[in-house]
Amino acid sequence: MLKPLDQILEPDSRYANVMAPDDQGGFRPMTLADHHDMVSGIRLSSKVPDDIRQMFDRSLHAALYAWFDYELTALAELQAYATLEAALRGYFQQEDSKLWNLTERAVSKGLFEPMLGNVELKVALTTLRNTAGHGSTNFGTPGMALTMIAYCARLIGRLYPEPALEPA
């Protein structure tokens, strides 16, 4: 259900119990500024092609605006997986390959670690993407989504790494 017009800029009520560290070593309610800091801290390598960067920015915008509608969290995470898949397709120049195969190829070439925790990376990424993409009322917390969005950014960065600095 859409929020009433006069409540659009109010945080989603599910953020009321989300806490952030305070300056005294304790915790306080999270603010939009805290949320923005977390989202804006996720960055892609400067070598990522513009079309991939534009796709990834959609993920970040959805994650940011999830502050106002928690449900956008699922869209933000799904967009990050879609961007990773597009980056892999571009990197390997394979328009018709699937995330499973592309991830398997990246692992075999040593670009990606083979496991995510105790699950094969190709299984983990495909399962997470499919859960979000094929429709589910169950999705993770914004913190989990941001973790996976940042993880996708790191994987994309392995395809398009920053150049190494020359020693002085």
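The values are calculated or read from the model by the stated rules, or taken from the named source; none is laboratory data. Not measured: the values here are computed from a predicted model. Virtual Cβ from ideal backbone geometry, glycine too; neighbours counted across all protein chains shown.
Points to keep in mind about this one:
- Restricting attention to segment 18-35, the residues that are in contact (Cβ under 8 Å) with a residue 12 or more places away in the chain and either more than 22 Å from the chain's Cα centre (by Cα) or farther than 19 Å from Ala63 by Cα (or both) add up to 1.
- Selection count where residues are at pLDDT 95 or above, more than 15 Å from the chain's Cα centre (by Cα) and among the small types (Gly, Ala, Ser), scope segment 77-112: 4
- Hits in segment 20-37 - residues which are in a strand (DSSP E or B) and surrounded by 13 or more Cβ atoms within 10 Å (Cβ to Cβ): Ala20, Pro29
- Test result for Ser45, part of a loop (DSSP other than H, G, I, E, B) and hydroxyl-bearing (Ser, Thr, Tyr): yes
- Considered as a group, the residues in segment 1-60 that are among the hydroxyl-bearing types (Ser, Thr, Tyr) and out of contact with any Asp or Glu (no Cβ under 7 Å at 6 or more places or on another chain) include one that is nearest to Glu85 (Cα to Cα), and that residue is Ser59.
- Positions within segment 1-59 being more than 22 Å from Gln79 (Cα to Cα) and aromatic (Phe, Trp, Tyr), in sequence order: Phe27
Residues are listed down the side, and each one gets a yes or a no for (1) of a type in the set (A, V, I, L, M, F, W, C); (2) in contact with a Pro (Cβ under 8 Å, 6 or more places away or on another chain):
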{"residue": "Gln24", "(1), (2)": "no, no"}
{"residue": "His36", "(1), (2)": "no, no"}
{"residue": "Val39", "(1), (2)": "yes, no"}
{"residue": "Ile42", "(1), (2)": "yes, no"}
{"residue": "Ser46", "(1), (2)": "no, no"}
{"residue": "Asp50", "(1), (2)": "no, no"}
{"residue": "Arg58", "(1), (2)": "no, no"}
{"residue": "Ala63", "(1), (2)": "yes, yes"}
{"residue": "Thr73", "(1), (2)": "no, yes"}
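- Residues in segment 51-102 that are closer than 18 Å to Leu159 by Cα and of a type in the set (Ser, Thr, Tyr) were compared, and the one that is surrounded by the fewest Cβ atoms within 10 Å (Cβ to Cβ) is Ser97.
- Criterion violated by Trp67 - all others in (1) under 18 Å from Ser45 (Cα atoms); (2) in contact with a His (Cβ under 6 Å, 6 or more places away or on another chain) satisfied: (1)
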